[in-house]
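**Student:** What follows is a single structure, and I will ask about it in a moment.
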Amino acid sequence: MHHPSRRMLAATAAAVLATGVGLVAANEANAAAGCRVAYTVNQWSTGFTGDIALTNLGDPISNGWRLEWNFAGNQRVTQGWSGTFAQSGQHVTVTNPSWSASLPTNQSVSLGFNADYSGTNATPAQFTLNGTVCTGSTTPGPSPSDPGPSPSDPGPSTPPPPGNKVDNPYASAQGYRNPEWQAKANGEPGGSRVANNPTAVWLDRIAAIEGTDDSSSNGSMGVRDHLDEALRQGAGYIQFVIYNLPGRDCSALASNGELGVNDLPRYKSEYIDPIARIMADSKYANLRIINIVEIDSLPNLVTNTNVATCATMKANGGYVQGIGYALQKLGALPNGYNYVDAAHHGWIGWDSNFGPSAQQMLAAAQASGSVNNVTGFITNTANYSALTEPNFTINTSVNGTSVRQSKWLDWNQYVDELTFAQAFRNQLVSVGFSSTIGMLIDTSRNGWGGSARPTGPSTATNVDTFVNQSKIDRRIHAGNWCNQSGAGLGERPRANPATGIDAYVWVKPPGESDGSSTLIPNDEGKGFDRMCDPTYTGNERNGNNPTGALSGAPISGAWFSAQFRELMANAYPPLS
């Protein structure tokens with residue numbers, strides 16, 4: 001259903017944000033005639049994350065800025081980003097990072113920090129920029145002297161209230177079991193062995209909000225129906241996939257959507273707004289609502305701008321602004337948790353894509369008004385990349401040759417999803433996301449068990465032979481993404497499985513097709529992608545290799561019985 005396009009265009013390395021906590025000398029800087037600070041926090045029992053949007057309302061600053069404030073209590077900054085933090089007693093000073101010494105008139109910068117405290121956590125009474133007191137210090141939004149957003153700017157938004165959101169919404173909670181998927185799974189021989197696993201509900205078009213009776217890829221249950229059923233089940237959390245951006249899936253065809261490249265207003269008013277209104281119903285206040293936000297979008301803006309639609313979406317800002325809007329509206333829910341799609345190691349695992357992708361995700365989060373609208377990120381959604389490769393690591397050499405030089409890895413920095421997800425989390429924190437973010441990994445179809453699973457490392461002395469015989473990911477090429485032959489169910493959903501990982505999840509419901517293996521006309525916006533055709537000999541994105549796709553597949557999202565049976569047969573850990 002979703003393509004893991006491999007690297008296409010080299011990108012310049014992203015700037016490294018200056019971070020640190022300690023005593024530093026303040027920069028000599030210009031005077032500022034006016035400023036505004038929007039200060040928000042997301043707190044828990046002994047700590048909090050602070051998010052600051054600083055706007056210069058005075059003369060342009062060209063050679064360095066310095067933001068200062070006093071805490072009212074015993075708050076202590078433990079980590080900062082997008083600036084250099086120093087604290088002496090209750091007094092905090094933040095100076096600009098080396099790459100951001102200028103601050104033009106009416107321009108803003110975003111910075112943040114983690115801190116601990118006890119007792120009360122009052123908002124600082126006053127902020128100063130280069131010695132000048134900021135007016136309207138704690139009020140988000142434009143001031144009278146601010147010209148406001150341009151027509152292409154999503155504009156200021158109200159950050160989520162402090163609330164009492166938990167750090168990990170999957171922890172100590174029962175997941176929602178979608179009865180529509182359960183019925184399909186239970187209808188297959190042996191399907192009852194997996195039918196009780198929680199899976200996500202995909203909202204891949206506007207009609208899915210209310211439910212569709214005539215769709216092959218959605219059921220008749222709408223958002224409210226699923227939320228009510230979750231209450232009936234006594235579930236602690238429910239997962240939705242927000243998946244309807246304008247110009248969706250810009251470099252694939254099997255999962256193109258209903259909205260055109262210029263339909264951002266419709267995306268906001270007809271899709272996100274109604275979803276947010278339903279989820280905001282107070283009857284669902286005790287249900288953790290987890291939204292997986294826009295699969296296969298932001299990385300395309302880094303790797304695939306040679307594709308016309310991707311270039312258009314990068315130029316018009318539709319992806320960044322659309323995701324920013326979704327994060328803002330859904331993040332404002334006191335029981336809402338947003339996880340943004342972060343591709344997978346076989347897509348952005350190269351240095352040329354790794355850093356720029358994190359920066360692109362930061363831009364989308366900043367468009368929402370606060371990085372705190374992001375609970376975390378998800379990798380491998382609807383994909384097949386192995387969770388771990390037990391028979392070799394990125395540091396393995398064969399006869400003096402690094403496995404990175406193999407055709408399979410092609411100089412990638414990662415061999416599997418777990419090492420990639422953990423490293424990418426660190427990268428995301430380094431560019432400005434909260435250190436409390438957690439990662440999800442979709443393990444619905446990356447088990448790669450069965451008789452073809454290698455039982456140990458190869459003894460071959462040729463690096464390509466060694467890797468091909470040792471790897472458990474049996475795909476022909478890591479760029480193959482559609483209905484992969486030989487795949488199996490992976491780790492069952494569970495919370496806190498590894499460092500930095502909030503949960504293994506089944507976001508892609510096993511048994512739902514990635515795309516049709518031949519052209520199937522339909523009115524659901526689902527095109528035909530040759531990567532789903534088992535007779536196709538490939539393109540540059542999969543090294544001109546066969547696709548490895550199963551034959552007889554229906555359109556994306558429709559039930560694919562043969563695939564579901566194969567996934568069960570090749571499950572790892574095996575099904576009992």
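**Student:** Translational diffusion coefficient, Stokes-Einstein: compute it for the chain using the Kirkwood radius over C-alpha pairs as Rh, at 20 °C and 1.002 mPa s, and state it as an integer in µm² s⁻¹.
**Tutor:** 87 µm²/s
**Student:** Report the calculated FRET efficiency for LYS407 and ALA569 (r = Cβ-Cβ distance, R0 = 30 Å), to the nearest 0.05.
**Tutor:** Given R0 = 30 Å and the Cβ-Cβ separation, E is 0.60.
**Student:** Now a separate question. Could you tally the net charge around THR49, taking each other residue with its Cβ under 12 Å from the Cβ of THR49, Lys/Arg +1 and Asp/Glu -1?
**Tutor:** Once all neighbours under 12 Å are counted, the net charge is -2.
**Student:** Report, in listed order, any pair from LYS329/LYS407; LYS268/LYS407; LYS314/LYS407; LYS314/LYS471; LYS165/LYS471 with a Cα-Cα distance greater than 32 Å.
**Tutor:** Table pairs above 32 Å Cα-Cα are LYS329/LYS407; LYS268/LYS407; LYS314/LYS471; LYS165/LYS471.
**Student:** Taking the DSSP beta bridges in the chain as the whole, what percent of them are antiparallel, to the nearest 5? Display every interim value, and only then the final one.
**Tutor:** Numbers: 46 of 73 bridges.
Here the share of antiparallel DSSP bridges comes out near 65 percent.
**Student:** A further question on this structure: Out of all Cα-Cα pairs in the stretch 344-496, roughly what percent, to the nearest whole number, are more than 24 Å apart?
**Tutor:** So the portion of pairs separated by more than 24 Å is 37 percent.
**Student:** If the chain between ALA125 and SER430 were fully stretched, how many nm would it gain, using 0.36 nm times the residue separation less the Cα-Cα distance?
**Tutor:** Full extension of this stretch gives 106.9 nm more.
**Student:** Sticking with this one: Starting from the Cα of ASN539, step 7 Å along the direction of its Cβ; do the same at ALA423; then give the gap between the two resulting points in nm.
**Tutor:** Once both label points are built, they end up 2.8 nm from each other.
**Student:** Ok, one more. Just need the Rg to Rh number for the stretch 225-330, please, alpha carbons only, Kirkwood Rh.
**Tutor:** 1.04
**Student:** Same structure again: Could you order the peptides 85-92, 504-511 from most to least packed, using the average number of other C-beta atoms within 10 Å per residue? If you can, show how the numbers build up before the last one.
**Tutor:** Numbers: 85-92: 16.4, 504-511: 25.5.
So the order, starting with the most tightly packed, is 504-511, 85-92.
**Student:** Using a Cα-Cα cut-off of under 17 Å, which aspartates and glutamates could be cross-linked to LYS508, ignoring same-chain neighbours fewer than 8 residues away?
**Tutor:** GLU180, ASP204, ASP249, GLU294, ASP296, ASP341, GLU417, ASP442, GLU491, GLU566
**Student:** Here's another thing I want to ask about it. So with the 1.4 Å probe, I'd like the accessible area per residue for the chain, rounded to whole Å². List each step's numbers first, then the result.
**Tutor:** Numbers: 20750 Å² over 576 residues.
Per-residue value: 36 Å².
**Student:** Efficiency by 1/(1 + (r/R0)^6): what FRET value for ALA562 and ASP523, r their Cβ-Cβ distance, R0 = 25 Å, to the nearest 0.05?
**Tutor:** Values: r = 25 Å, r/R0 = 0.99.
Using R0 = 25 Å, I get an efficiency of 0.50.
**Student:** Using +1 on the beta carbon of Lys and Arg, -1 on that of Asp and Glu, and nothing else charged, what's the dipole of the stretch 494-535 about the Cα centre, debye to 20?
**Tutor:** The dipole magnitude comes to about 180 debye.
**Student:** Computing the accessible area with a 1.4 Å probe over protein heavy atoms, can you report the carbon and sulfur percentage for the stretch 415-481?
**Tutor:** Carbon and sulfur: 47 percent of the exposed surface of the stretch 415-481.
**Student:** Follow-up question, since we're still on this one. Would you please classify the overall shape of the stretch 453-498 from the alpha carbon gyration tensor, given that a ≥ b ≥ c denote the square roots of the eigenvalues, rounded means a/c under 1.5, and beyond that prolate means a/b larger than b/c while oblate covers the rest?
**Tutor:** It is oblate, given that a/c is not under 1.5 and a/b is not larger than b/c.
**Student:** Give the residues of the stretch 169-186 whose amide nitrogen is closer than 17 Å to a point set 7 Å from the Cα of SER220 in the direction of its Cβ.
**Tutor:** What the label zone holds, given the 17 Å backbone N cut-off, is 179-184.
**Student:** For LEU231, what charge total do you get from the other residues with a beta carbon under 14 Å from its beta carbon, if Lys and Arg give +1 and Asp and Glu give -1?
**Tutor:** Around LEU231, the surrounding residues sum to +1.
**Student:** Out of the total accessible area of the stretch 201-316 (probe 1.4 Å, heavy atoms of protein only), what percent is carbon and sulfur?
**Tutor:** 47 percent
**Student:** From Cα pairs below 8 angstrom and at least 6 apart in sequence, can you work out the relative contact order of the chain, rounded to a whole percent? Intermediate results must be reported in sequence, preceding the final value.
**Tutor:** On the way: 1466 pairs, mean separation 87.9, N = 576.
Relative contact order, the chain: 15 percent.
**Student:** Still on this structure, I have one more. What fraction of the DSSP beta bridges in the stretch 439-576 is antiparallel, stated in percent and rounded to the nearest 5?
**Tutor:** 55 percent
**Student:** Still on this structure, please answer the following. With +1 on each Lys and Arg Cβ and -1 on each Asp and Glu Cβ, how big is the dipole of the stretch 223-275 about its Cα centre, in debye rounded to the nearest 20?
**Tutor:** 100 debye
**Student:** Along the Cα→Cβ direction, 7 angstrom out, place labels at SER62 and GLN469. What is the inter-label distance in nm?
**Tutor:** So the label points at SER62 and GLN469 sit 6.7 nm apart.
**Student:** Would you work out the charge dipole size for the chain about its Cα centre, treating the Cβ of every Lys and Arg as +1 and the Cβ of every Asp and Glu as -1, and quote it to the nearest 20 debye?
**Tutor:** My answer is approximately 800 debye.
**Student:** Between ASN399 and ASP213, what is 0.36 nm times their sequence separation minus the Cα-Cα distance? Round to one decimal in nm.
**Tutor:** Value of the extension gain: 61.1 nm.
**Student:** Let me ask you something else. Binning every alpha carbon pair distance of the stretch 474-576 at 10 Å from zero, what are the percents per bin?
**Tutor:** Answer for the stretch 474-576: a P(r) of 16, 39, 32, 12, 1 percent.
**Student:** Under a point spin-label approximation (7 Å from Cα along Cα-to-Cβ), what is the ASN186-VAL133 distance to one decimal in nm?
**Tutor:** With each label point 7 Å from Cα toward Cβ, the separation is 6.7 nm.
**Student:** For the stretch 479-576, what is the relative contact order in percent, using Cα pairs closer than 8 Å and at least 6 residues apart in sequence?
**Tutor:** Relative contact order of the stretch 479-576: 38 percent.
The values are calculated or read from the model by the stated rules, or taken from the named source; none is laboratory data. All figures in this text were calculated on a predicted structure; none of them were measured in a lab. Ideal geometry is used to build each Cβ from the backbone, glycine not excepted, and the neighbour counts take in all protein chains shown. Just so you know, the surface numbers come from the protein's heavy atoms only, side chains and all, with ligands and any DNA or RNA stripped out. Shrake-Rupley method; radii C 1.70, N 1.55, O 1.52, S 1.80 Å.
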